[in-house]
Structures are given as C-alpha cells and as structure tokens.
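The next block holds one structure in the form of structure tokens; read it before the comments.
The values are calculated or read from the model by the stated rules, or taken from the named source; none is laboratory data. Keep in mind the model is a prediction, meaning the values are calculated, not measured. Note: ideal-geometry Cβ built from the backbone for every residue, glycine included; neighbour counts use all protein chains shown.
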C-alpha cells in the first residue's frame, strides 16, 4: 500500500516540478533540506547561549564536537572508543541481524510452501511473536549468561519474526502457475527455490528486512543497557549514571546517526536488488 | 477428514481444518516440551515442565503486585497511543494536504524517525524520573510515526475528482474535509494505529524493563531477575510473566484487528 502511495507522490512531484529546469529543482530540494535543519540548530544554539544555562540541553554544536572528540579524539585511551564501543555495537547488531534473517527466511519459506506446516505452526508463531522481544531478554540472560553470544542470539531471535512473517506471506502468495511451470520444465527443486520462489518473494522479504534492521539496532541497544561492559548503549547508561549530560547527548546523536545510516543503506540495497520489480510493475 | 478436502479445495482454505491443525500444533509442542523437560533430556533448571509454567502464569494473577503492574502497563499503553493519535493525525493531514509544508518538515522528520526510541530513555529518565510521564513520552515518540505517515498517504490519496465534485456542488473547505477527506483517509489512519499499537506495547514493556524503579510488567520481570533467593522458582515466574506479556500483546492485536475489519472493512487492501 505504502509503495503505491509513494509512487503517486513521486509522479505528482515530477509533474509539479516538471516546468522548472533541473538545476533549479536540485537547488530547491537542497534548500528544503538545509534550511529547516539550519534554522532549528541555529535557534537551539541561540537559546542555549542567551538563556541561563539549562543543564539538560547542551548546545547542538557542543554535542557534535563532543561526539567527534569521543570517537576520534587525540587521546590514546579515547582513540579506542570507536573500535571498542561503536564497532562493538555495530558488529553484534550485524551478526544478530544476519543470523536472524537467514533463520527467518528458512522458516518463512517452509511455512509459505506447505499449507499443512503453516496451519500447524501458525498459532505458535503468532503467539511467540506477540511476546515483545525485549521482554525475553531476562530469559536470554538466565539461559546464556551475560556474554556477547547471548546478545547476538537475542538480536537474532527478535529480528527473525519480522522476516518469518514477511517471507511466509511472500512465498505463500506466489502464483500457482509459476510453481507449476517449474515442475513442468523439470527444474530441480534447489533451482526452483533459488530461481523462482525466492526471487518472487523478494519484495516482501525486503519489507521484512527493513523493519528487522530498525529492530536490530533497538535490540542491540537494549541488550547493552542491561548487563554489558561495552557498546554505545553501555556508554549511554554510564553517562546517565554519572550525570554527564553532554556525553549522553553525544551518544544519543551517535545512535541517531547509526539509525540513519542503516536505514539509508537498506533503502539503497533494496533499490538495487528490486530494480526489476519496480520497473516490471511500472510497465504494466 | 482434512485430507479429503485437500486436493480439490487447495485454493480455498478450509477454516476448520486450519483450526484443528493449529490446535494439534500447539498441543504437540506442549507435549514435546513437557516430555523433554520431565525426562531430563534438557535440565529442568533451563526448561521447567510446560504444565508448571502454565499453572504459574495463572497463579501470578493472585499476586497483587502483578495485577498492579499489568494495569500500569495497559494504562501507559492506552495514554501513549491516545496522545500519539492526537498528535499524528493532524500533522499527517497537514503534511498530506500541503506539499510545501511537507517538504519543509521532511528533513527534520527523516532525521528524527530513525532514532531508536530506547536511546531517549536516559535523557527522559533524568528529566522526568521513572514515573508514568517518562514512559508516555518515549511511547509517543515511538508510536507517532506510523500513524503520521499513514495519515499522510491516506489524505494524499483522496480522489481529486471527488474533491472537485464536492467543490462544484458548493461544499466549503471544512465540508470537504469532513465528508470526503476523513472518510477516505480513515482506513489508512486505522492501519497506522494498528501498527503503532503493537509498537507502543513493545516500547512500554521495554522501557519498564530497562528504567529502574518503573512500574509495569517489564519492571515486574526485571525485579524478579534481581531477586536471587530461589533461582528455579524465579525462573519459572520470569517465564510465566513473559508468556503473560505475550498473551496480552496477542489479545490487543486480535482486538484491534477485529475492530479494523468491523469498522473499516470496506477498504480492500493487502495484509502487510
């Protein structure tokens, strides 16, 4: 639903902007991006500078500078922060996401292909995915301890549900003719899976992966809030405990940037992988 | 019985067959879990017998503390979702109706939206303490986006000819909004509310779990983990409380799904 809506938005935008030359259009869209942000940052900075000091809201440029200092500062011990905290979080998140995605696609494909399996395990899946993934963190801690493997397993578990549901829907809604075609031409089951079934389900799977990637970051942070010794989430809680508000804001900014990067990365990959899909739909 | 219907009616799923298979699946899993635990294949310390977990999840309700925590979670969820709707629907409608306003706000939205809501917990915790307000603020921050974007799409998707026709019949601006824009955008808004509802519940429980001193199911689980007087018994309660959290989530999802089909069922759309 949302994809068609964005398309109508885009086509209407084309029509509206079609009268102006390209460089003007580019300038306008850059202005639309830069001006509001610059205005907000400017007002924020101004208020902080002019008003009596507000402990909870440091100036925006101080936050940005401090984050830079924290991540890449000249201090030797600080230098490690980028590797020791930032990359730790990213690594755990990526590993958990990958495991959860693979596992989710496998289960989802099985559910999508066989109606019997789907109907048998659907209530179980529906129930398990209704448990907020974060609520299972204490269970994971009790079962697997407080190490990194626990965190990766926890992220993988939480991420997999989005992928399972979307893959099952995508595989289940493939037109029967396409599957029969593979059988008629005696395509081997493995090739049928990789050349027919998975590509046809890809748009749905990607929708699941998009949601899952946002969830992966959230789960990674939550797992670092409880019982961790490194990672951005851990640094954030530490800063809170010591009432270091500037550091806290900087780590929050780091998480925001991370979220932004993940979001745009997945959008980019989706655009590349699913180019055929959108083109084929546009032609009809 | 189900096997006779399978080949010819493959395209038309039989409801009773699905229900029976589902029941069989749930029963089968419960029996397997019970046997695996009782026979000692997996240590009972890690996998208590399933029947005991079920019994515990009922006896939990005898605990006044647990009932208070459930009530607190549900209340926060309702307030948070309500405030999100009140904020997101007008904003989404505004953005959907005016392109320049949307383009102006878009940069800020695109920067705010990817921020994981839990990242705000430390700041809000310091500012507001660990009470209800803190939870509500974070829930609203998380739940606003799906409602806002779905409202935007819904308002944007309103048939322009219908609006033109209403205008040529002399209906005023507010009349058009009330009679055409709202009815045609309502199913979209409802979809947003359904998505936000599950996000809100997850975020409520997550915040309770993390933020020390809070109330709610998450806090209940978190407190249990903190008390180490009887490990096996504590673990049983953690399992039971987690299952209860899932059950509450499932009930809310079913309720909202039913509500959506009942009142907004005219809109044919895919189940995504």
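Which of the numbered conditions does residue A:88 fail, given that it passes all the others? Conditions: (1) within 30 Å of residue A:66 (Cβ to Cβ); (2) away from chain B (no Cβ under 14 Å); (3) modelled with pLDDT of 90 or more; (4) buried (at least 20 other Cβ atoms within 10 Å of the Cβ).
(3)
Which of the residues that make up region B:86-123 are out of contact with any helix residue (DSSP H, G or I) (no Cβ under 8 Å at 6 or more places or on another chain) and farther than 24 Å from residue B:154 by Cβ?
Within region B:86-123, none qualify.
Take the conditions more than 10 Å from every other protein chain (Cβ to nearest Cβ) and either surrounded by fewer than 17 Cβ atoms within 10 Å (Cβ to Cβ) or touching a strand residue (DSSP E or B) at 6+ places or on another chain (Cβ under 7 Å) (or both) and apply them to residue B:19. Does it pass?
No.
Please note which helices (runs of 4 or more DSSP H) are completely contained in region A:97-174 and include at least 1 residues that are at pLDDT 90 or above and crowded, with 21+ Cβ neighbours inside 10 Å.
Answer list for region A:97-174: A:148-172.
When you scan region A:266-282, do you find a residue that is surrounded by fewer than 21 Cβ atoms within 10 Å (Cβ to Cβ) and within 26 Å of residue A:66 (Cα to Cα), even just one?
no
Quick check on my filter: what residues within region B:33-45 are loosely packed, with under 13 Cβ neighbours inside 10 Å and either in contact (Cβ under 8 Å) with a residue 12 or more places away in the chain or within 15 Å of residue B:245 (Cα to Cα) (or both)?
The answer is B:45, and nothing else.
Could you list, ordered by first residue, the pairs with Cβ atoms under 7 Å in which the first is in region A:45-57 and more than 14 Å from chain B (Cβ to nearest Cβ) and the second is modelled with pLDDT under 75 and loosely packed, with under 11 Cβ neighbours inside 10 Å, at least 6 apart or interchain?
Once the first residue is more than 14 Å from chain B (Cβ to nearest Cβ) and sits in region A:45-57, no partner that is modelled with pLDDT under 75 and loosely packed, with under 11 Cβ neighbours inside 10 Å comes close enough.
Which of the numbered conditions does residue A:178 fail, given that it passes all the others? Conditions: (1) touching a residue at least 40 places away in the same chain (Cβ under 8 Å); (2) surrounded by fewer than 18 Cβ atoms within 10 Å (Cβ to Cβ); (3) over 24 Å from residue A:98 (Cβ atoms).
(1)
State which residue is nearest to the other protein chains (Cβ to nearest Cβ) when the search covers only region B:145-200 and only residues that are under 22 Å from residue B:102 (Cα atoms) and outside any helix (DSSP H, G or I).
Checked region B:145-200; the qualifying residue nearest to the other protein chains (Cβ to nearest Cβ) is B:157.
Looking at (1) surrounded by 11 or more Cβ atoms within 10 Å (Cβ to Cβ); (2) within 12 Å of chain B (Cβ to nearest Cβ); (3) modelled with pLDDT under 75, which one does residue A:39 not meet, given that it meets all the others?
(3)
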